[in-house]
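The values are calculated or read from the model by the stated rules, or taken from the named source; none is laboratory data. Just so we're clear, the structure is a prediction, and the values are computed from it rather than from any experiment. Quick reminder, even Gly has a Cβ in these numbers, built from the backbone with ideal geometry, and neighbours come from all protein chains shown.
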Amino acid sequence: DIRARVLASPPRHYSANRMRVAMLGRESLDELEELATRYFRAVPNRNAPPPPLVADPFPLRRTGRHTVVKPVEDTDELAMYWTIPSEWDQYEAAPSWYLAHVFGHEGAGSLLQLLKSRGLADGVSAGVEVSARGFAMFYLDITLLPGTGADAGVVRNVTAAVYAYANMLRDPHAAVGGNTGVQQRVWVEARDLAEISFRYPERGSPSGTASGLASRLQRVQPALILSPPSALRWNPDGIAAALDYITPERQGSFVLASTVNVSSLPDTDPLYGTRSITHFLDAATKAALAASAEPTDLIHLPAPNRYIPTDFSLAAGATPLYNGTDQPGRGQAAKPLALADAPGADAVSGAWWLQDTLFKMPKTEVRALLTSAVADGTARQHVLTSLFVDFVDDTLTEVAYDAGLAGLYFSLAPSSVTSGFSLTLGGWSHRLPEWIDAVVAGIKAPTFSARRFEDLRAALLQAYTNAESGVKPYERAMYWASALSAERKYLLEELRAEALAVTLADVQAHAAAVLSPLDVSILVHGNADEATAKALVLRVAAGFDAAPLEAADQARRQIVRLPP
């Protein structure tokens, strides 16, 4: 009985001096203090000592651990990790904050773009996984292309690219304000972006806020617990010291390899049956990895972000109406207003606008339904549309990452209600017009290449395989319920067959056909007055050369009417 053993164990950690409490509520500070006293005064204070300090769990004699795992689903990933100096007492100047920003960047000159250009990976994330009193653990999680995790050459080349990027950050000849080395301009921009998010926070979960504050109190002085990012301190020496640990000599790694032969994996997990093999990189291998990290002009620090907003003013305008009045009733929502006389309105099927006066955030969202008669009429068109969307996402990766850091976003996906696409663009109102222009340009003229076609098609096939073999029973039941009730639902085996048959030329021809003609319906919601909403409608309509389709080409998806 695990619970009984836990209750019977010595309560050495259950001590008031080791605990932190954060309370969040609408009550006054005096009332909250009274509640805290009432509910927590009984917690005993045993003056428990802090946990033993572990300076480095992976000293040099224990580094180089490399594990290859056969995953349940078809997925290929490389995870690399290094222990770096503790940041427990460096809340205002944590080096890992800068390192995560640059290693995980996805714009021009980034590690991700280098890996994509070499046909090695499709995603990179970076950050601190463990932050303890004696050490921190920095990690990189790299999404490899489907089926390549078992290729030792691919893993070696990805690893070499990581160290080439690390060497660029260590550039001893970097000029102040340049594109290599540790640069204050990059840190200042990241801090300013964090400051904007701090000043204009999204509404979050009260429980999540309280638990986050309690956790931070373990390492941050109470006076600093709500301090803004502007209080952070530039710490180039700490960043350089942490970078000194990002070396092959201190590396650990895991590989998820979907195609690895299980007969080569001698270890079996006793609980899950996962097959794996672990070995340690020898000194010669580590030296070879360090030597293979050749410099390249393809990697450099991020350029200044042109999407950072500076105007956070709120639009003036009329109060939204609720069923004809300006006073909402219980459960009522304001209704969008038709923009019948908007410039370019004759080119769209419909344009609506709803100004937000409730949350009062300087943000605006534009939603567009893009209907095309040839987007989803057959399983082949469905696959070609999916690949077209993937090419658009791929084309916009560099610019979308900068925009995302600056609080802008977009989503383009096959529509669930008609033959076409659902497009969402939003974020800070100040930079939204130029963001709309960039996204529309990417949709109208994505970058096609034979290499990326093979990569994106492999990822699509992998998704079809996982959707068929890796789903839970209830997900499979929902899949078949949808297949039996929807007017049009393509089965996974149909889609897989079409994906194997189509070519890059097919996708390019489909892209031209699916965008002309294009029927557009638009809703503008948020921090926009009527004039601004009309301007945004015109911007989208003109960008797509929109024109209403005949009624027969605008058929909405239907479901089967089941007998009672």
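Points worth noting:
- Boolean, S449 is among the small types (G, A, S), in the same structural domain as V540 (by TED's automatic domain parsing) and in contact with a strand residue (DSSP E or B) (Cβ under 8 Å, 6 or more places away or on another chain): no
- Residue within segment 339-350 that is at pLDDT below 90 and over 30 Å from S516 (Cα atoms) present: no
- Of the helices (runs of 4 or more DSSP H) entirely within segment 131-243, those holding at least 3 residues that are touching a residue at least 12 places away in the same chain (Cβ under 8 Å) and of a type in the set (D, E) occupy 184-199.
- Test for A509: is it in contact with a strand residue (DSSP E or B) (Cβ under 9 Å, 6 or more places away or on another chain) and surrounded by 11 or more Cβ atoms within 10 Å (Cβ to Cβ): no
- Pairs where the first residue, in segment 508-522, is in the same structural domain as V383 (by TED's automatic domain parsing) and the second is part of a strand (DSSP E or B) and small (G, A, S), C-beta under 7 Å, 6+ apart: V520/A368; S521/G350; S521/A368; I522/A351; I522/A368
- Residue check for L232: touching a Leu at 6+ places or on another chain (Cβ under 9 Å) and not basic (K, R): no
- Any hit, segment 485-493, residues being within 30 Å of A316 (Cβ to Cβ), touching a residue at least 12 places away in the same chain (Cβ under 8 Å) and assigned by TED's automatic domain parsing to the domain that holds P414: no
- Only one of L29, L99, L35 that is more than 30 Å from L460 (Cα to Cα), surrounded by 14 or more Cβ atoms within 10 Å (Cβ to Cβ) and not hydroxyl-bearing (S, T, Y): L99
- Pairs where the first residue, in segment 75-97, is assigned by TED's automatic domain parsing to the domain that holds I225 and within 16 Å of V162 (Cα to Cα) and the second is outside any loop (DSSP other than H, G, I, E, B) and among the hydroxyl-bearing types (S, T, Y), C-beta under 6 Å, 6+ apart: E77/T143; M80/S253; Y81/Y139
- Matching residues in segment 277-295 - criterion: being part of a loop (DSSP other than H, G, I, E, B) and surrounded by 15 or more Cβ atoms within 10 Å (Cβ to Cβ): L281, A293
- Odd one out for F198 among (1) loosely packed, with under 12 Cβ neighbours inside 10 Å; (2) under 24 Å from the mean Cα position of the chain (by Cα); (3) within 29 Å of L301 (Cβ to Cβ): (1)
- Some residue of segment 463-477 being over 25 Å from G377 (Cβ atoms), of a type in the set (V, I, T) and touching a strand residue (DSSP E or B) at 6+ places or on another chain (Cβ under 6 Å): no
- Qualifying residue in segment 540-555 (condition: farther than 30 Å from A316 by Cα, of a type in the set (S, T, N, Q), in contact with a strand residue (DSSP E or B) (Cβ under 7 Å, 6 or more places away or on another chain) and surrounded by 13 or more Cβ atoms within 10 Å (Cβ to Cβ)): yes
- Some residue of segment 424-440 being in a loop (DSSP other than H, G, I, E, B) and either touching a residue at least 60 places away in the same chain (Cβ under 8 Å) or not acidic (D, E) (or both): no
- Residue that is farthest from L145 (Cα to Cα) [pool: residues in segment 257-270 that are part of a loop (DSSP other than H, G, I, E, B) and over 31 Å from the mean Cα position of the chain (by Cα)]: P270
- Residue check for I246: β-branched (V, I, T), assigned by TED's automatic domain parsing to the domain that holds S96 and surrounded by 12 or more Cβ atoms within 10 Å (Cβ to Cβ): yes
- Which numbered condition A8 misses (of (1) over 21 Å from A214 (Cα atoms); (2) touching a residue at least 12 places away in the same chain (Cβ under 8 Å)): (2)
- Condition check for A126: closer than 14 Å to I246 by Cα and in a strand (DSSP E or B): yes
- Any hit, segment 18-41, residues being more than 24 Å from F135 (Cα to Cα), touching a residue at least 24 places away in the same chain (Cβ under 8 Å) and touching a Ser or Thr at 6+ places or on another chain (Cβ under 8 Å): yes
- Of all residues in segment 216-254 being among the charged types (D, E, K, R) and touching a strand residue (DSSP E or B) at 6+ places or on another chain (Cβ under 8 Å), the one that is modelled with the lowest pLDDT: R219
- For segment 373-420, the candidate set comprises residues that are assigned to a strand (DSSP E or B) and surrounded by fewer than 18 Cβ atoms within 10 Å (Cβ to Cβ); within that set, the residue that is modelled with the lowest pLDDT is P414.
- Condition check for A497: modelled with pLDDT of 95 or more and surrounded by fewer than 17 Cβ atoms within 10 Å (Cβ to Cβ): yes
- V399, sole failed condition from (1) under 21 Å from P517 (Cβ atoms); (2) within 16 Å of the chain's Cα centre (by Cα): (1)
- Within segment 47-86, restricting attention to residues that are modelled with pLDDT under 90 and among the charged types (D, E, K, R), the residue that is nearest to N17 (Cα to Cα) is D56.
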